[in-house]
Amino acid sequence: MIKSFFFWILVILYTLLIGSVAILVSFLDRSGKLIPPIYKLWGRLIVRSAGVKVTIENAGRLDSSSPQILMSNHQSFFDVFAMIGYLPVDLRFVAKKSLARIPVFGQAMKAIGTIILDRENHQQAIKSLNQGAQKFSRGISILNFPEGSRSRNGEVGKFKKGGFVLAIKAKVPITPLSVQGGGKILPPDSFRVHSGRMHIVVGEQFDTSKYSLEEKEALIKEVRSTIIRNLKED
């Protein structure tokens, strides 16, 4: 319990310091090129402070030269720290509106270009996703957790459609990610942190130009099946 207390103290300090830097840099660097090293440093410091090791399988499938939507299962909030810190691509992520209300953290999220999603307002959610599509023209990828929230039992839940509609409309590939270990390191509805390992498997990309909006359900099913298939036994 003492370890968890000091861990969260460090998370707050890292967020205040690095978040403030991100906010400042966002005003000075409109191109956004200086943003990735900042958020990657934040993610890695948090992961290392917890005594967690992250491994990525098939990292070569992540093409850093072209935009994509990274679709991942979601076991823990720690998934965010690990992916932001260690995935070798320039990415932004989709986050729910409530996170944007956290002091400094919320401002930093907006400063680095996070797509804030209001799931209670369908029209606003679609507008946010359409604005996110503009990032693709700058070579930025988007990380999306299509389950919408963390799994409470480790099983992959039902996928929401928004990210898939965006991918089909923008004609950008979907890269499925299977992440495991986060649920044991930081269980949902708990603040107690444990040391351990996280493993991320990068699946083969899906060419969304082959799908129409009417075929999105088939795409969702295939991506979800791939993510489940690539999960390793704990």
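The values are calculated or read from the model by the stated rules, or taken from the named source; none is laboratory data. Computed from a predicted model, the values in this text were never measured in an experiment. Here Cβ is always computed from backbone atoms with ideal geometry, including for glycine, and neighbour counts include all displayed protein chains.
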(request) Taking the residues in region 147-186 that are touching a Ser or Thr at 6+ places or on another chain (Cβ under 7 Å) and part of a loop (DSSP other than H, G, I, E, B) as candidates, determine which candidate is surrounded by the fewest Cβ atoms within 10 Å (Cβ to Cβ). (result) K171
(request) Go through (1) at pLDDT below 90; (2) surrounded by fewer than 17 Cβ atoms within 10 Å (Cβ to Cβ); (3) within 27 Å of R224 (Cα to Cα) and name the single condition S20 misses. (result) (3)
(request) For region 196-223, name all the residues that are part of a loop (DSSP other than H, G, I, E, B) and under 21 Å from the mean Cα position of the chain (by Cα). (result) G203, E204, Q205, D207
(message) Among the residues of region 30-47, are any farther than 26 Å from V193 by Cα, among the aliphatic types (A, V, I, L, M) and in contact with a Pro (Cβ under 7 Å, 6 or more places away or on another chain)?
(response) no
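Taking F81 as the residue in question, decide whether it is modelled with pLDDT of 80 or more, touching a helix residue (DSSP H, G or I) at 6+ places or on another chain (Cβ under 9 Å) and of a type in the set (F, W, Y). Walk me through it before giving the result.
On the way: modelled with pLDDT of 80 or more: yes; touching a helix residue (DSSP H, G or I) at 6+ places or on another chain (Cβ under 9 Å): yes; of a type in the set (F, W, Y): yes.
Yes, satisfied.
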(message) Looking at region 35-49, can you tell me whether even one residue there is among the polar types (S, T, N, Q), outside any strand (DSSP E or B) and touching a residue at least 12 places away in the same chain (Cβ under 8 Å)?
(response) yes
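Can you find a residue in region 1-17 that is closer than 26 Å to F136 by Cα, among the hydrophobic types (A, V, I, L, M, F, W, C) and in contact (Cβ under 8 Å) with a residue 60 or more places away in the chain? Break it down into steps so the answer makes sense when it comes.
Of the residues in region 1-17, the ones closer than 26 Å to F136 by Cα are none.
No, region 1-17 contains no residue that is closer than 26 Å to F136 by Cα, among the hydrophobic types (A, V, I, L, M, F, W, C) and in contact (Cβ under 8 Å) with a residue 60 or more places away in the chain.
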(message) Take the conditions farther than 25 Å from S190 by Cβ, touching a Pro at 6+ places or on another chain (Cβ under 9 Å) and either without any contact (Cβ under 8 Å) to a residue 12 or more places away in the chain or crowded, with 17+ Cβ neighbours inside 10 Å (or both) and apply them to L91. Does it pass?
(response) yes
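In region 31-50, which residues are among the hydroxyl-bearing types (S, T, Y) and buried (at least 16 other Cβ atoms within 10 Å of the Cβ)? Please lay out each step first, then the result.
If we filter region 31-50 for residues that are among the hydroxyl-bearing types (S, T, Y), which is where we start, we get 31, 39, 49.
Hits for region 31-50 are Y39, S49.
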(message) So for region 130-150 (the condition being farther than 30 Å from L10 by Cβ and at pLDDT 85 or above), does at least one residue qualify?
(response) yes
(message) Taking the conditions exactly as written (in contact (Cβ under 8 Å) with a residue 12 or more places away in the chain and touching a Lys or Arg at 6+ places or on another chain (Cβ under 8 Å)), does V223 satisfy them or not?
(response) no
